[in-house]
Amino acid sequence: MTREPFLPFALPDIGEEEIAEVVDTLRSGWVTTGPKAKRFEADFAAFLGDPSLHCIAVNSATAGLHLALEALHIGPGDEVIVPTHTFTATAEVVRYLGADVTIVDIDPATLNIDPRAVEAAITPRTKAIIPVHYGGLAADMAAIGAIALRHDLRVVEDAAHALPTTSGRHLIGTLTSDAAVFSFYANKTITTGEGGMLVTRDAALAQRAQVMRLHGMSRDAFDRFTANVPSWYYEIVAPGFKYNLTDIAAALGLQQLKKAHAFQRRREQIAMRYNEALASLPVITPPAAPAGETHAWHLYALRLGDGSPLARDRLIERLFERGIGCSVHYIPLHRQPYWRERYGLRNERFPHSERVYERQLSLPIYTRMSDADVERVIGAVRDLLRL
Ligand SMILES: *Cc1c(COP(=O)(O)O)cnc(C)c1O
């Protein structure tokens, strides 16, 4: 039997357009934050279809989440509610600011943060909610928005998986939350290698984030109000961060963004093929978006049903033996030593996330997969889960 090449879990889709744009940047003499980062921000606002949005390019989504919470004055004594079924970045940024994280369970029907669990976790110290659009399916933003309004809470969306995703027919990034933060990490729906975009309608938040993105330098603001100041002059108004996106990365982003809708269509096509081909197996296919809504399909997270002949870990091993890479999204925060110990968390408090975690694996879903690659994954899963 000839061994087929290894099919990785994820691969970026970088074309000649991206390469040419990066080369252009390299030849231009301007490699760090400059004209292309600025254009990427403008193009992002245009992509979201709302020129009144402030888009702030940063070197990771983690940085963008940190900046958004900082600008919203989250600090010691405050609590921020996050779902347990997410990557640690969603929660760690809260700790950067000395605030505390309240970790809550998910809704097993959507795998997104459970609004009832959010409501039940609110205390007088609660300041904000960070919903995650898990896998590219929008969280219940109507319910979360209503809770936030009732309790005067800020909402910062972790939109790392959500380009493009809709909620109520509106693209994530254009909702009424305080901010939404996208990721352009290597395996996300578009990539700049490392990068992110903080999107907000709040001019004060945007201005603070722009200053804190680059060392707390106020030069832009200063220049606007002061005549006859030489351009070398700047003032430091706060101990800021080094979170700016380079023009090399932004060059990638400019070209990737143009392909974002086509990428989404291909991912959706793969997801629909998986759904159709795996439905007869003892599995639970991922939750679908409501009719008329867009699912970004960053992840295809399959759950094994009660009748599965193989446990999750064994299935991943067997797929790996057949040259197919899989992953698990996520080991819930309540199972991670740091979060578990800091907040004295027990698995029993997160029954839905627990049940999902134990049975879940993410199959490869990316635009560089050929139809034959997709069929190969399907063939292997069908073979291994055949009763
Ligand atoms: C990838 C990811 C992040 C962090 O994105 P970076 O750009 O790598 O900082 C945050 N939250 C979730 C849910 C993610 O998947």
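Each residue, Arg150 and Asp50, gets one label point 7 Å from its Cα in the Cβ direction; the gap between the two is 2.4 nm.
When the Cα gyration tensor is reduced to axis lengths a ≥ b ≥ c, the ratio a/c is 1.5 or higher for the chain, and with a/b not above b/c it is classed as oblate. Structural descriptor for the chain: relative contact order 22 percent, calculated from alpha carbon pairs under 8 angstrom and at least 6 residues apart.
Note on Arg116/Ser231: beta-carbon distance plugged into 1/(1 + (r/R0)^6) with R0 of 51 Å gives a FRET efficiency of 0.40. With a Förster radius of 41 Å applied to the beta-carbon distance between Val328 and Lys242, the computed FRET efficiency rounds to 0.80.
Out of all DSSP beta bridges with both ends in the chain, state the antiparallel percent to the nearest 5. Of the beta bridges lying entirely in the chain, close to 60 percent run antiparallel.
Ranking Val80, Thr123, Leu319 by Cα position along the charge dipole of the chain, where only Lys, Arg, Asp and Glu carry charges on their C-beta atoms, puts Leu319 farthest toward the positive end. Cα gyration tensor of segment 1-105, axes a ≥ b ≥ c as square roots of the eigenvalues: rounded (a/c below 1.5), prolate (a/b > b/c) or oblate? Taking the square roots of the gyration eigenvalues as a ≥ b ≥ c, segment 1-105 is oblate.
By the beta-carbon count within 10 Å of each Cβ, the least crowded to most crowded order of Met197, Met217, fewest first, is Met217, Met197.
What the phi angles of segment 360-367 give under the Karplus curve with 6.51, -1.76 and 1.60, with θ = phi - 60°, is a coupling list of 10, 9, 9, 7, x, 8, 7, 5 Hz, glycine and proline written as x. A crude spin-label estimate for the pair Val31 and Ala142, with each label 7 Å from Cα along the Cβ direction, gives 5.1 nm.
Computed per residue of the chain from DSSP H runs no shorter than four, each worth -39500 (n - 2.57), the mean residue ellipticity at 222 nm is -12000 deg cm²/dmol. Per-residue 3J(HN,Hα) values for segment 121-131, derived from phi via the Karplus relation 6.51 cos²θ - 1.76 cosθ + 1.60 with θ = phi - 60°, read 8, 6, 10, x, 8, 5, 10, 7, 10, 10, x Hz in sequence order (x marks Gly and Pro).
For segment 260-385, the normalised intensity computed at q = 0.11, 0.13, 0.15, 0.20 Å⁻¹ comes to -0.43, -0.59, -0.76, -1.16 (log10 of I(q)/I(0), Debye sum over alpha carbons, equal scatterers, no solvent). To the nearest ten degrees, helix 141-151 and the longest principal axis of the Cα atoms of the chain are 50 degrees apart. How far, in degrees from 0 to 90, does helix 247-258 lean away from the longest principal axis of the Cα atoms of the chain, to the nearest 10? The two axes meet at around 60 degrees. If R0 is 25 Å, the Cβ-Cβ spacing of Arg273 and Ile19 corresponds to a FRET efficiency of close to 0.25. Projecting the Cα atoms of Gln255, Gly136, Val283 onto the charge dipole of the chain (Cβ charges, centred on the Cα centre) puts Val283 farthest toward the positive pole. In the chain, the longest principal axis of the Cα atoms and the axis of helix 312-321 are about 90 degrees apart.
FYI, it's all coordinate maths here, none of it is from the lab. This one's a predicted model, so the numbers in the text were calculated from it and none came from an experiment. Reconstructed Cβ throughout: ideal geometry from the backbone, glycine too, with neighbour counts over all protein chains shown.
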